[in-house]
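These notes concern the structure reproduced below.
Laboratory data are not the source of any read-out in this text; all were calculated from the coordinates shown. All of these numbers come straight from a predicted model, not from anything done at the bench. All Cβ positions, even for glycine, are placed from backbone atoms using ideal geometry, and neighbour counts span all protein chains on display.
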Amino acid sequence: MCYGISIYLSESDTFNKNWMEKAAVSGFQYIFTSLHIPEERDVDYVKQVKWLGKTAQEFHMEVMADVSPASLERLGLSFNELPSITEWGISGIRMDYGFTAKQIAWLSHHLKIGLNASTIDEEQLKKLMDEGLQPHQTEAWHNFYPKPFTGISKQYLYERNALFHRYGIQTMAFIQGDEQLRGPLHVGLPTIENHRHVSPTLAALELQEMNTDKICVGDLNLTNKTLQELKFVMEGTVPLYADFNKGYEIFDNMVHTNRMDAAEYVIRSVESRQLPSKFQPEAHELDVFNEGTITVENELYGRYAGELQICLGDIPADTKTNVAGRIKQESLSLMKKVGSGKRFVLLHSKVK
């Protein structure tokens, strides 16, 4: 799984460099930029693209640039000269419209190529393959959708991903940001419409579930909190914010693994029963442990003593079980992504 950010050349060099640095430190590996955005006027594209390529190399990040025939005019390049763009620090080209199958296939022998994953059909894909398209040099990039209610569905993205994977081509999709949203509408830049109003972390986890190979932030940047969360996600761990009761702080910032034989009603920590700490029974007057309740089995539970669980729904309370805390409301949706064998971490303190 590979993560990237979007850089818009109309933003200041200082803003863009700071965002690249923060993203690189957090584990992001590539940059997407577009060279044919209508709102971007008075941009010296040659100067800015060369600056972007050089700066990205400083942070060991690849750059994929979205181009059209009109973009080539702005760059002062003919189509046959496009491979020379690697000398500017650009790793590949996403070819949106106006190019023939023969041109795209030819260029894939010289550059990394991005196809439009949301619009190309299988007949067109077969034609590209017949023309000599190099799958290992090709990626399929979904669009982002600035206008509300125009994004694609989860099912459509899943089906499109499956199509390209059959031809050995990796896929990419966008998640929205959560600090500075890009204009002119400022309502997020996701690929999937239903991701427009969820956290970027949940959107990323769902794109992973749909077998998306690369995930890119469409908007201008992310909060430090979300960067921390996505860093966990890149490592294969679901971050969950929690409030702990006194005496259970031992579980703060501890990485757990849900059992491979995942239970229907609870998440069961593999690691918790290996801890030396044992817990005495604690009186409570609960009849039900609600969704999101964090429990720990006390000494009355014998061989299960010390096991930490998180309730996925309401279950009957038990005197052999202590209440260790609860998952915060904001993390209940992320909790549902802790599947079989999945790692998760309980975080008490937020990053500002």
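When Val198, Val25 are sorted by how many other C-beta atoms sit within 10 angstrom of their C-beta, beginning with the fewest, the order is Val25, Val198.
When Cα extents along the principal axes in Å is calculated for this entry, the matching label among (i) 52, 50, 43; (ii) 76, 43, 36; (iii) 66, 46, 39 is (ii). Take the Kirkwood radius over Cα pairs of region 195-242, plug it into Stokes-Einstein at 37 °C and 0.692 mPa s, and you get 291 µm²/s for translational diffusion. Protection proxy ranking of 340-347, 68-75, by the mean of other Cβ atoms within 10 Å over each peptide's residues and highest first, is 340-347, 68-75. Kirkwood analysis of the Cα pair distances in region 2-73 returns a hydrodynamic radius of 12.4 Å. Under the criterion of Cα pairs below 8 Å and six or more residues apart, the relative contact order for region 2-235 equals 18 percent. Under the criterion of Cα pairs below 8 Å and six or more residues apart, the relative contact order for region 1-86 equals 33 percent. Ordering Asp178, Asp130, Asp314 by the number of other Cβ atoms within 10 Å of each residue's own Cβ, fewest first, gives Asp130, Asp314, Asp178. A Cα-only calculation for region 186-312 places Rg and Dmax at 17.9, 55 Å. Each of Thr319, Thr171, Thr86 was scored by other Cβ atoms within 10 Å of its Cβ. Arranged with the fewest first, they read Thr319, Thr86, Thr171. Only bridges whose two residues both fall in the chain count here: according to DSSP, what percent of them are antiparallel, nearest 5? Bridges in the chain are about 35 percent antiparallel. For region 268-304, the list of trypsin sites (Lys or Arg not before Pro) that fall in a loop by DSSP and count at most 15 other C-beta atoms within 10 angstrom reads Lys278. Given q = 0.13, 0.22, 0.31 Å⁻¹, what are the Debye log10 I(q)/I(0) values for region 218-269, with equal point scatterers placed on the Cα positions and solvent ignored? Calculated log10 I(q)/I(0) at the listed q: -0.46, -1.00, -1.22. With Cα atoms defining each centre, region 234-269 and region 158-181 are spaced 28 Å apart in the structure.
Taking Cα centre as origin and charging only the Cβ of basic (Lys, Arg, +1) and acidic (Asp, Glu, -1) residues, the dipole magnitude of region 240-347 rounds to 440 debye.
Of the cross-linked pairs Lys22/Lys47; Lys17/Lys225; Lys22/Lys147; Lys225/Lys342; Lys246/Lys320; Lys147/Lys231, those separated by over 25 Å at the C-alpha level are Lys22/Lys147; Lys147/Lys231.
Seen from a random direction on average, the alpha-carbon convex hull of region 302-342 projects onto 3.8 square nanometres.
For region 1-148, the mean projected area of the C-alpha convex hull, equal to one quarter of the hull surface, is 9.3 nm². Assuming charge only on the beta carbon of Lys and Arg (+1) and of Asp and Glu (-1), the dipole of region 130-214 about its Cα centre is about 220 debye to the nearest 20. Radius of gyration over Kirkwood radius for region 240-347, both on Cα atoms: the Rg/Rh ratio is 0.92. Convex hull volume of the Cα atoms of region 126-170, normalised per residue: 85 Å³.
When only Cα pairs below 8 angstrom with a gap of at least 6 residues are kept, region 240-347 shows a relative contact order of 41 percent. The residues packed around Glu209, meaning those with a beta-carbon under 12 Å from its beta-carbon, carry a net charge of +3 if Lys and Arg are +1 and Asp and Glu are -1. Stokes-Einstein diffusion of region 129-261 at 25 °C, 0.890 mPa s viscosity, Kirkwood radius from Cα pairs, rounded to a whole number: 148 µm²/s. Dipole orientation for the chain: of the candidates Gly76, Cys311, Phe174, Gly76 has the Cα lying most toward the positive pole (charges on Cβ; Lys, Arg +1; Asp, Glu -1). Sum up the charges of everything whose Cβ sits under 13 Å from the Cβ of Val198, counting Lys and Arg as +1 and Asp and Glu as -1, but leave Val198 out. Computed value for this residue: -1.
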